[in-house]
Every structure is written in C-alpha cells, then in structure tokens.
Amino acid sequence: MPDQAEGTAGSPTHEVRDFLRRRREQIAQRWADEPLFRAVFTVSRDEAVEAGKAVVDALAQVADAARVEDPDAAGFTTVREQLARMGAARSRAGLSTAQVSGEMAALRPPVENLLLADLPDASAEHSRACVTTLSVLMGTLRVVVMQTALSEGQALIDRQRLQLLEVATPVIKLWDGIVAVPLIGTLDSARSQVVMETLLESIVEQQARYAILDITGVPTVDSLVAQHLMKTVAAARLMGAECIVSGIRPAIAQTMVHLGLDLGTVVTRASLANALGYVLHQLGVGIVNPGTNGTVTR
C-alpha cells in the first residue's frame with residue numbers, strides 16, 4: 001500500500017482529499033439528514049448543510065496535510081468551536097457521551113458509500129487503502145468531537161460551580177454603610193477567593209465603611225483559608241472599610257493560634273449581633289432596648 005505519510009499523488013490520503021473536495025456538496029446533503037446534524041440544526045436544513053460543508057473542508061485539509069490520525073491537525077482548528085457546540089447541544093438534550101459518539105460514527109457510512117462509488121475501476125487493494133484512510137480520518141474526527149464536547153462540558157461545570165459559589169456567598173446590607181457576609185459551610189481556597197471579590201465589590205457599590213465577616217456557620221478553617229480571611233480583612237482596609245470578623249468558634253480560634261496568625265489588628269466579636277452593635281456604636285448610633293418595667297435602656 002502506498003505510504004500515507006507522504007501524501008503523494010495517487011496515495012490514499014491524496015485520493016481521499018480529492019474525493020472530499022469533489023463530493024463536498026453530496027456529503028453535506030447526506031449528513032444534514034443524520035441525527036447529529038438534524039437534531040442540532042433544527043431551524044433550517046440549509047444551516048445543517050453549510051455546517052456539514054465546513055466539516056468536510058476541515059477533513060480535506062487534514063487529509064491534504066497527511067495527518068489523518070492527528071486530532072491536533074491544523075485543519076480541525078476552524079471547526080472545533082462548531083463541533084463543541086454540536087456535542088454540547090446533544091449532551092444538553094440528554095444524550096450520554098457514548099450516544100454522541102455513536103451519532104458521530106453514523107456519519108461515516110454515507111461518506112464511505114460515496115467513496116466506493118467514486119472508485120469503480122480502482123484495484124481492490126487501492127480501494128481498501130482509501131476506505132481505511134477515510135475510516136481513520138472519520139475516527140479522528142470522532143476523537144476531536146469528544147475532546148471538544150468534554151472540554152465544553154467541563155467549562156460549563158466550572159461556570160455553574162462559580163455561580164453556585166457566588167449564590168452561596170451573599171452580601172447583606174445591614175445599615176447605611178454596613179455590609180455583612182454570613183458564611184455557612186466548608187470554606188476552601190476557591191470559595192475564599194469568591195468571598196474576597198464579592199465583599200470588595202459590595203464595599204464599592206454600597207460605599208460601606210464597615211464590613212462584617214461572620215463565620216459562625218463555618219465548621220473548620222485550614223491554614224490556606226485562614227490566610228485568605230486575613231487577606232480579605234487587609235483588602236477591605238485598602239478599600240477604606242474596616243472589616244470585623246465575628247463568630248469564631250473555639251476550634252477555629254485554636255487553629256488560628258496554632259498557625260501563629262497575628263489577629264492583633266483585626267477586630268473580632270463573638271457573634272454577628274455583637275459585631276453589628278460594635279459597628280453601630282462606632283457610627284454613633286444609639287441602641288434602645290425596652291426595659292421590663294416599661295422604661296427604656298440604652
């Protein structure tokens with residue numbers, strides 16, 4: 001069999017390249033009726049045909065470079081985004097990775113039948129070599145689709161995770177110039193970073209002079225998270241706001257002491273209520289509590 005790597009005239013890769021360019025329209029028309037294209041491009045069949053032509057062009061370019069086994073071939077670059085959208089669309093429709101792969105495999109028979117029809121006078125050996133080259137090329141296309149679909153899926157998971165972190169980190173306006181971040185659940189470095197960013201943005205938006213970081217609902221803090229909290233306090237100061245940390249549990253207090261963290265410059269209070277009382281006092285706001293005998297105490 002001729003050396004595929006050389007891509008010389010008459011070689012299988014050369015033959016497949018010429019076939020793809022020659023039968024571009026027919027291949028795209030057949031693909032437009034396959035489940036992968038038909039289910040993704042639902043608005044217009046012409047849109048599915050154009051998408052198919054773009055993929056055929058990419059395959060021809062890969063064959064021209066004699067890199068039919070290389071998912072990183074330059075020819076795939078132009079269609080990676082399109083293939084990612086297609087794979088992601090099928091995944092969102094509820095198809096598993098194996099099912100998406102199966103739909104990709106279904107694209108090969110229509111192309112293979114056209115190729116065999118184009119080689120009526122070729123020797124059996126040459127026909128087999130061309131079909132093998134086409135099969136390898138279509139298999140590489142499947143790999144590219146699965147890679148892009150998985151990457152798109154991971155990117156979606158990362159975006160959703162970040163959105164969940166932001167939702168789980170609310171900033172509450174308690175008073176004019178006072179904001180609070182009540183933290184609940186486990187803190188890790190990623191969430192601690194979101195806490196810092198969210199708090200600093202709220203300080204700017206609310207023009208807050210005081211920010212309360214309440215960790216009553218945080219069961220434990222490791223060294224990295226403790227350092228993030230300290231950096232958050234320092235960053236808030238740079239933004240012109242004083243940051244008060246409230247709700248430090250005994251176990252967390254011991255951890256911070258063992259870690260040797262210097263909390264001497266950080267204002268701490270036992271609870272969120274105590275922290276709010278401290279801030280209101282700093283603002284000169286009087287707190288009036290009704291007494292048991294009908295009088296009021298301040």
Filter result (open to solvent by 60 Å² or more (accessible area, probe 1.4 Å) and in contact with a strand residue (DSSP E or B) (Cβ under 8 Å, 6 or more places away or on another chain)) within region 175-199: I184
Residue count, region 196-228 (criterion: of a type in the set (S, T, Y) and farther than 19 Å from L283 by Cβ): 4
Residue match in region 162-170 (condition: modelled with pLDDT of 80 or more and either surrounded by 13 or more Cβ atoms within 10 Å (Cβ to Cβ) or not in a helix (DSSP H, G or I) (or both)): yes
Cβ pairs under 7 Å, 6+ apart, first in region 92-117 and in contact (Cβ under 8 Å) with a residue 60 or more places away in the chain, second among the acidic types (D, E): A106/E34; L107/E34
The one condition in (1) hydrophobic (A, V, I, L, M, F, W, C); (2) part of a helix (DSSP H, G or I); (3) surrounded by fewer than 18 Cβ atoms within 10 Å (Cβ to Cβ) that V285 fails to fulfil: (2)
Subset of region 105-142 that is part of a loop (DSSP other than H, G, I, E, B) and of a type in the set (A, V, I, L, M) - its residue that is least open to solvent (accessible area, probe 1.4 Å): L107
Selected residue (only one of A84, A93 is assigned by the TED database to the domain that holds M146 and either surrounded by 15 or more Cβ atoms within 10 Å (Cβ to Cβ) or not aliphatic (A, V, I, L, M) (or both)): A84
Flag if V131 is over 19 Å from the mean Cα position of the chain (by Cα) and either modelled with pLDDT under 85 or not assigned by the TED database to the domain that holds V55 (or both): no
Residue, modelled with the lowest pLDDT, within region 55-77, restricted to residues that are part of a helix (DSSP H, G or I) and loosely packed, with under 14 Cβ neighbours inside 10 Å: T77
Those residues of region 88-104 which are in a helix (DSSP H, G or I), within 13 Å of P35 (Cβ to Cβ) and not basic (K, R), in sequence order: A89, Q99, V100, S101, G102, E103, M104
Complete set of residues in region 37-72 that are of a type in the set (A, V, I, L, M, F, W, C) and closer than 18 Å to F19 by Cα: V49, A54, V55, V56, A58, L59, A60, V62, A63, A65, A66, V68
Residues that are surrounded by fewer than 18 Cβ atoms within 10 Å (Cβ to Cβ) and in contact (Cβ under 8 Å) with a residue 40 or more places away in the chain, drawn from region 210-241: T216
Meets criteria (hydroxyl-bearing (S, T, Y), modelled with pLDDT under 90, more than 28 Å from G87 (Cβ to Cβ) and surrounded by fewer than 20 Cβ atoms within 10 Å (Cβ to Cβ)) for T8: yes
Looking only at region 103-128, and only at residues there that are of a type outside the set (K, R) and farther than 21 Å from R30 by Cα, the one that is nearest to the chain's Cα centre (by Cα): S127
Qualifying residues in region 245-278 (those that are touching a Leu at 6+ places or on another chain (Cβ under 8 Å) and in a helix (DSSP H, G or I)) - the one modelled with the lowest pLDDT: M256
Output for region 26-44, where each listed residue is touching a residue at least 12 places away in the same chain (Cβ under 8 Å) and within 23 Å of G94 (Cβ to Cβ): W31, A32, E34, P35, L36, F37, A39, V40
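The values are calculated or read from the model by the stated rules, or taken from the named source; none is laboratory data. Just so it is clear, the model here is predicted, and its values are computed rather than measured. Cβ: placed from backbone, ideal geometry, glycine included. Neighbour counts: every protein chain shown. These accessible areas exclude ligands, DNA and RNA; they are computed on the full protein's heavy atoms, side chains included. Shrake-Rupley method; radii C 1.70, N 1.55, O 1.52, S 1.80 Å.
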